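Take a look at the structure set out below.
The values are calculated or read from the model by the stated rules, or taken from the named source; none is laboratory data. Please read these numbers as outputs of a predicted model, since none were measured by experiment. As a convention, Cβ positions derive from the backbone with ideal geometry for all residues, glycine included, and neighbour counts pool all protein chains shown.
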Amino acid sequence: MTGQTEPVVYVVDDDKSIRKSLARLIGSTGLAVETFGSAREYLASEPVDRPGCLVLDLKMPGLTGLELQEELTARHRAIPIIFITGQGSISSSVKAMKAGAIDFLEKPFDDTTLLQAINQAIEKDLQNRQRSSEVGAIKKRVEDLTPREREVFTLVVTGLLNKQIAYQLGITEKTVKVHRARIMQKMEATSLAHLVHLAETIELNP
Amino acid sequence: MRSLMVNFLPVRSNIPQGNYYSVKRLAFILAVLFPLLCLSAARGSEEHPLSQADKPIFILNSHHYGNSWLDTEQAAIIDELRKEKLAGLATIEYMDSGSYPDGEHLRELEVLFLKKYGGKKFSLLIALHDSALDFAVKNHKKIFGDAPLVFSGQSNFKTSMLADDKRATGVVNSADPAGTIEVMLRLHPKTGEILILHDYTSAGLASRQKLEPLLAGFGSRVRFRFSDNLPVNDTYQVLETAPDDTLVLLLDYTTDREGKEFDAAEITGNFSRRSRVPIYSYASSARLGYGIVGGKLVNVRTTARETAKLAKRIVQGEAVEKVPIVVINAAQYMFDYRQLERFQIPLSALPLNSAVINRPVSFYDANRNIVLMAWTIIGFLLLVILALIFIIVQRRRLTLALQESKAKYYDLYENAPDMYYSIDVNGIITECNETFVQVTGYSKEEIIGRPIFDFYHEDSAEEARKAFRQLFTASGEIRNAERKVKRKDGSLIGVSLNVSAERDKEGRITSIRSIWRDVTERQRAEDKIRQQRAELSHVRRLVTIGEFATSIAHEINQPLTAILNNAQAAARFLSFDPPDLGELREALEDIIEDDKRAGAVVHHLRSFLKRQEFERKSLNINNIIEDVVTLLNCEVADKNVSLTLDLAADTQAVRGDFVELQQVLMNLILNACDAMTEADPQRRRLNIRSSADAEGNIAVAVRDSGTGLDSKALSRVFEPFFTTKPEGLGVGLSISKSIIEAHEGRLWAENNSGGGATFYFTLPVYREGHHDGAN
């Protein structure tokens, strides 16, 4: 979490006038803007640890907007996307939204609509980032658990009683209790409910 | 006293005349009819050169010339001598001893012969019968010197008769009297008596004496009676009155009691004629044929042959002393057919190997060669006839086949669907078929003799001439060349031309055979296809226009978006405190750029649209409707739309561009179909109606049973880019409207009272001289 906190808007459009005008419009609100002439150009850029969003033209020569969206997901470079398009078909917009797009704007669009969408996207990105840092911290705590503790942890958060856990693992209930106390301590959990929340946050799978 | 010189040279007259001519005729026939046979039938008439007999042969005959018996024997001997090729002149002397049996005569002959022949040289002396032998032996040395003596015809020979003459030999006939009597009894089993008829001369009595001892051998089987010494007439009477069971055996008989002398043949004939009963004999066969039935006889010919053989041996140098006397035992059963018939003796009763003379010869036997030849000829001719018949039948069959094939060919040639003709090396038509006449409309007289180039249309004539000239330098063939041909009525037909040249042995073209196939229909069909293809390309152009519009929309939308973005940004810069004028200016500059860019796109579009040519022609709207309906038939059917046409029969022509009006109709029809996609397939009805409206314009109504148009759509449907269809661009109707308006007509839409919508358009009627409206 050492990146800049100043958000940035990436504009990807093959049409230079659109690119330029969008940069101007977005820039007029004080947001930082970076423009790319093609999806590949954007993919080639170094990922920056900074909140932001992507204003992406749907129809471009080479890699299209939708393809770029897929590619970013595949590379774990998730960033909120606002699609813009000349003439959007229903099928493509549905596809984009399903893949997590913030909005789907048809050119020409109103500045407020765009700027709202951008704000919303940046907000979303901030949330995502915060969440992912939380997850990182919890995961780190889980790593401190011994393998037996991790087993017990997994069973505890599924709602099993101590004696059930003991039976399942073939240990005494008393030992389970000891493990539980150590887990609570290591995970910095205040209650069982808190422990379950932590497990859900990291999407722990039994 | 008769002497005769006989030339032994073979003479032709020996061959019977008739026979000779037959042979000659036959040869002629052979020569004419089949030389092959003639070759094989060549007669061996080879004549050997005569052997060199320096000395003649002397023949001494006991009797006179005219004594049939001896004449026969003598002739046979001469004949046989000739066969043996003993040549030279034979001297014959007749002793006439029958007429002059006394010693006086013999002495006179002795004197005479000595006088005539004493000192003459003879190669051989032949003595015929007793008197001659007796005389020759007595006077051998004296008259004939050392000429060897050969006797012949002796039947009563005794060695004493030669009186030890060493230079004598001869042939003795050994008759068979017993055999003769046997055969007589066999042929006439009921015989009671045999009358032995002889004269009472020494010869006659000698023959009786010789016979008598044999008779005892027959014992009681038959009685024998010797004839009395009677005058000949009495003997005749005896014969005339002879009882039925009597047979006569005739021995030597030359003289009757009264000294009347008879020739053996003559007396035999006389006896036979008078006799009631058969007469047999056993001596020489010379008597056969003159009246005797036959007997076991000594064949004169055999005697003569043996005599000649002996003569030859001696003449060729064999010492006569060493040549033994030949005794002929081969007495032979010989009969006279006429007598057998007279006494009804069947041939089958005769002993085996009997010779029968005077047997009536069949034509075949008489003319065996001719008959064989004739049969051969007939057989050959039959073969020839069969062969000819076969050939004729074959020929007829061929002729029929030829006729049939000719008829077929004629039919094929004349009635072929193609035009056949031949031209000469100058291009003049020499023949043509009926199809040529039918298609071109000229009569055959008008066609034959004219140059082929006259029949071509001007467009093809030059090409035809060129191709014709090339025929002589190139392959001599033209394949599937297309030409235009002018018919008599002036109309044109398209023909496909095939040409092949006929050449002589030197390879020079002699005539040219050509085929015209009428391809007018095919060309028409091809034209139609070509036209339809052109029409389809227009349709495709429409589709292209749709795609073009899409891209135009994008092209305009982009600068519009940029302009909006810039304008909004500019507004923001203005609201800054202080306003950011620098940014504002830049934004405005970009706005100008983007606007220009949009203008360029519009300009480009306009110039593109301008390129579409505008044609004004007199058109029948019904044709256009039918045409479009044909083009869209599949599409309409695909959408389960039932289409009905309701076209005014007497619509006047409109003025306009066929393709553009087609596009309008196509648009309306496809729109109508689209409007009905939601409707029940049973109720998808499309009607196209043409009529004249109140103002005299032509009106067309395209009526569907679809969803109809809501009020908003009804007012905006002709606006560009207005569409009710999810995939529609909204250009079809606006373009259609502009087309109709360019045609000075009107296009509008109305909802039907019963559901669905109707699109109407009107077009002004075409008027002559109204061409300036085109733009």
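Conditions (1) buried (at least 18 other Cβ atoms within 10 Å of the Cβ); (2) within 60 Å of the chain's Cα centre (by Cα); (3) within 17 Å of B:His140 (Cα to Cα), marked per residue:
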residue: B:Trp69; (1), (2), (3): yes, no, no
residue: B:Ala76; (1), (2), (3): yes, no, no
residue: B:Arg82; (1), (2), (3): yes, yes, no
residue: B:Glu104; (1), (2), (3): no, no, no
residue: B:Arg107; (1), (2), (3): no, no, yes
residue: B:Val111; (1), (2), (3): no, no, yes
Limited to the stretch B:452-507, what total is found for residues that are surrounded by fewer than 15 Cβ atoms within 10 Å (Cβ to Cβ), part of a helix (DSSP H, G or I) and basic (Lys, Arg)?
2
When you go through (1) within 14 Å of another protein chain (Cβ to nearest Cβ); (2) over 30 Å from B:Leu574 (Cβ atoms) one by one for A:Arg40, which number turns out not to apply?
(1)
What number of residues within the stretch A:1-36 satisfy the criterion of being within 14 Å of chain B (Cβ to nearest Cβ) and on the phi < 0 side of the Ramachandran plot?
22
Within the stretch A:97-146, which residues are part of a loop (DSSP other than H, G, I, E, B) and either within 14 Å of chain B (Cβ to nearest Cβ) or within 14 Å of the chain's Cα centre (by Cα) (or both)?
A:Ala99, A:Gly100, A:Ala101, A:Ile102, A:Lys107, A:Pro108, A:Phe109, A:Asp110
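Yes/no per residue for (1) under 20 Å from A:Arg19 (Cβ atoms); (2) outside the structural domain of B:Asp674 (by TED's automatic domain parsing); (3) among the basic types (Lys, Arg); (4) at pLDDT 85 or above:
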residue: B:Gln568; (1), (2), (3), (4): yes, yes, no, yes
residue: B:Phe573; (1), (2), (3), (4): yes, yes, no, yes
residue: B:Glu586; (1), (2), (3), (4): yes, yes, no, yes
residue: B:Ile592; (1), (2), (3), (4): yes, yes, no, yes
residue: B:His603; (1), (2), (3), (4): no, yes, no, no
residue: B:Asn623; (1), (2), (3), (4): no, no, no, yes
residue: B:Asn640; (1), (2), (3), (4): no, no, no, no
residue: B:Asp657; (1), (2), (3), (4): no, no, no, no
residue: B:Glu660; (1), (2), (3), (4): no, no, no, no
Within the stretch A:162-205, which residues are under 18 Å from A:Asp144 (Cβ atoms), surrounded by 13 or more Cβ atoms within 10 Å (Cβ to Cβ) and small (Gly, Ala, Ser)?
A:Ala189, A:Ala199
Residues that are within 20 Å of B:Asn640 (Cα to Cα), at pLDDT below 85 and not in a loop (DSSP other than H, G, I, E, B), drawn from the stretch B:674-717
B:Asp674, B:Ala675, B:Pro681, B:Gln682, B:Arg683
Of all residues in the stretch A:74-88, count the ones that are away from chain B (no Cβ under 14 Å) and either surrounded by 14 or more Cβ atoms within 10 Å (Cβ to Cβ) or in contact with a helix residue (DSSP H, G or I) (Cβ under 9 Å, 6 or more places away or on another chain) (or both).
6
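Condition test on B:Ala311, is it modelled with pLDDT under 85, assigned to a helix (DSSP H, G or I), touching a helix residue (DSSP H, G or I) at 6+ places or on another chain (Cβ under 8 Å) and not assigned by TED's automatic domain parsing to the domain that holds B:Tyr100?
Working: modelled with pLDDT under 85: no; assigned to a helix (DSSP H, G or I): yes; touching a helix residue (DSSP H, G or I) at 6+ places or on another chain (Cβ under 8 Å): yes; not assigned by TED's automatic domain parsing to the domain that holds B:Tyr100: yes.
No, not satisfied.
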Go through the stretch B:551-583 and report how many residues are polar (S, T, N, Q) and more than 8 Å from chain A (Cβ to nearest Cβ).
2
Qualifying positions in the stretch B:101-130 - part of a loop (DSSP other than H, G, I, E, B) and under 23 Å from B:Ala163 (Cα atoms)
B:Pro101, B:Asp102, B:Gly118, B:Gly119, B:Lys121, B:Phe122, B:Ser123
